1. If the requirement is being surrounded by 23 or more Cβ atoms within 10 Å (Cβ to Cβ), out of contact with any Cys (no Cβ under 6 Å at 6 or more places or on another chain) and not in a helix (DSSP H, G or I), which of these qualifies: 242, 274, 294, 253?
2. Has region 90-107 got at least one residue that is in contact (Cβ under 8 Å) with a residue 40 or more places away in the chain, assigned to a helix (DSSP H, G or I) and farther than 30 Å from residue 264 by Cα?
3. Within region 59-73, can you find the residues that are assigned to a helix (DSSP H, G or I) and out of contact with any His (no Cβ under 8 Å at 6 or more places or on another chain)?
4. Here is a list: 340, 359. Which entry is among the β-branched types (Val, Ile, Thr), out of contact with any strand residue (DSSP E or B) (no Cβ under 8 Å at 6 or more places or on another chain) and in a loop (DSSP other than H, G, I, E, B)?
5. Which of the residues spanning region 227-249 are of a type outside the set (D, E, K, R) and either assigned by the TED database to the domain that holds residue 358 or farther than 28 Å from residue 324 by Cα (or both)?
6. Among the residues of region 21-36, which ones are open to solvent by less than 10 Å² (accessible area, probe 1.4 Å) and in a helix (DSSP H, G or I)?
7. Quick check on residue 85: is it closer than 30 Å to residue 147 by Cα and among the β-branched types (Val, Ile, Thr)?
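The values are calculated or read from the model by the stated rules, or taken from the named source; none is laboratory data. Quantities reported herein were computed from a predicted structural model and do not represent experimental measurements. Neighbour counts are summed over all protein chains in view; Cβ atoms, including those assigned to glycine, are modelled from backbone coordinates with ideal geometry. Surface accessibility is based on the protein's heavy atoms, side chains included, excluding ligands, DNA and RNA. Shrake-Rupley method; radii C 1.70, N 1.55, O 1.52, S 1.80 Å.
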Amino acid sequence: RLVHLDLKGAAPRVQYLEQVLPLLRALGATGLLLEYEDTFPYTGPLELLQAPHAYSPAELRALLSRARAQGLDVVPLLPFPLQFVLKHREFAHLREVKALPNALNPHKEESLVLVKAMIDQVMALHEDLQWFHIGCDEVYYLGEGEESKQWLQQQNNTPEKLCLSHIKAVATCLAWSYPMVTPIVWDDMLRGMSEETLAESGVPQLVQPMIWDYAADIDVARKVQLIEKYRRCGFSKVWFASAFKGATGVNQSLTLIGHHLRNQLEWLQVASRSPADVLEGIALTGWQRYDHFSVLCELLPVAIPSLAVCLQTVKNGGYSEKIKENVEKLLGMPDLEIDTFMSPSLGTFPGSNILTLVTQISFHLKSSVDELLERNRYVTGWFSPYHRRRKIIHPIVIQHFQPDAISLFSKWNAVVQDLQAAMEQVFHRCAIEEWMEENVHPSLQKLQQVLDDLDEA
């Protein structure tokens, strides 16, 4: 039972992750799937891949050692097709399509040299690895580069074979140097391929596919058929991937636990209808961005109640009142809500104050500002955009809404300062800035602008 930590956005400080590890263990996790992306401390020519807030080697060693002490397996995830690499000018010549940083050119020898260098650096910081996730999902535009188009014109060459040869090359890179480590790949590029194409490729002997579906209503029968197909092609084991957050909206700020709980229950049905010896494990994914270039979705502390429910459900093979009580006890939360967004009752888990404040802001900031600026008749009738541009207002009208606007502004400023202080314990400045710009500034700036216009009028 791997908990996926997606570090390509709002990567928590190591100190926070170290506080969370014992809780994950207590909830039923047996490992971590660490998607480092640009937070890994690359060195040499790869150093430019590091984000300013990347972990240092010492921080990562401390985290990995703490994970081992908790009995958690670590599985690193390198997300080939490497958007975070190909966006850099220095690596742009390795793009499959010149204008797009979506896929690596599989025909260039230097592409594999890059892959190998990245794998080697990640492996050097990890001990006793059993698995290594090499991504390979959503490899859009593979086959659309000039060299690929020429390759595809040759007899018997197809986009599927191109994709499989690319997966095989990356997996072989790992297998040659680290024969004791098994590569895992996302399965979405493989699902539609024929059994014959898959079996002939040699890929099933090299990798374990991770079948992902984050819906609340999975087609269970179809998943079971897919597993049987993968077995017939020669894959020895498969993984499942569910989600505990980051799968219900690209800019979602709060986690709806019920959706993710139903997702786990569906996967338990798939497991119960599959051969016992085929399933290697499940990764509970927690996406932080839909891809390298999109906005942040729910922050990790906000989604911990969802993660707790999901882990306990998977561990115990179902969800019940007893499991709910256990989750409440472990999180120090008096009343866990499943089918509505959490009411902001404070828990005792690490970062619970962030959940409380984010809930407050998500529910009430925009609506309270809109209520004043768009539904107060004195604002809409006597201080419309027309009046504001010309800086004119009847003096008596000011008394009807300026005090409310000032009080609303100072109330929200206090909440935002509390959240900022709480977030600084967990996140680096860049993550806080991004979250505030997306979720707070639009409403507060609107309010500030009205107050400024009032003063001038």
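1. 242
2. Checking region 90-107: at least one residue is in contact (Cβ under 8 Å) with a residue 40 or more places away in the chain, assigned to a helix (DSSP H, G or I) and farther than 30 Å from residue 264 by Cα.
3. Residues of region 59-73 that are assigned to a helix (DSSP H, G or I), as a first pass: 59-69.
Listed by number, the residues that qualify are 59, 60, 61, 62, 63, 65, 66, 67, 68, 69.
4. Details: 359 fails: in a loop (DSSP other than H, G, I, E, B).
One residue alone meets the criteria, 340.
5. Result: 227, 230, 233, 234, 235, 236, 238.
6. If the condition is that a residue be open to solvent by less than 10 Å² (accessible area, probe 1.4 Å) and in a helix (DSSP H, G or I), then 21, 24, 27 are the ones that fit.
7. Criteria met by residue 85.
Listed here are the residues, each with its yes/no results for (1) aliphatic (A, V, I, L, M); (2) in contact with a Pro (Cβ under 9 Å, 6 or more places away or on another chain); (3) on the phi < 0 side of the Ramachandran plot.
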position	(1), (2), (3)
297	no, no, yes
300	yes, yes, yes
308	yes, no, yes
311	yes, no, yes
327	yes, yes, yes
332	no, no, no
348	no, no, yes
359	no, yes, yes
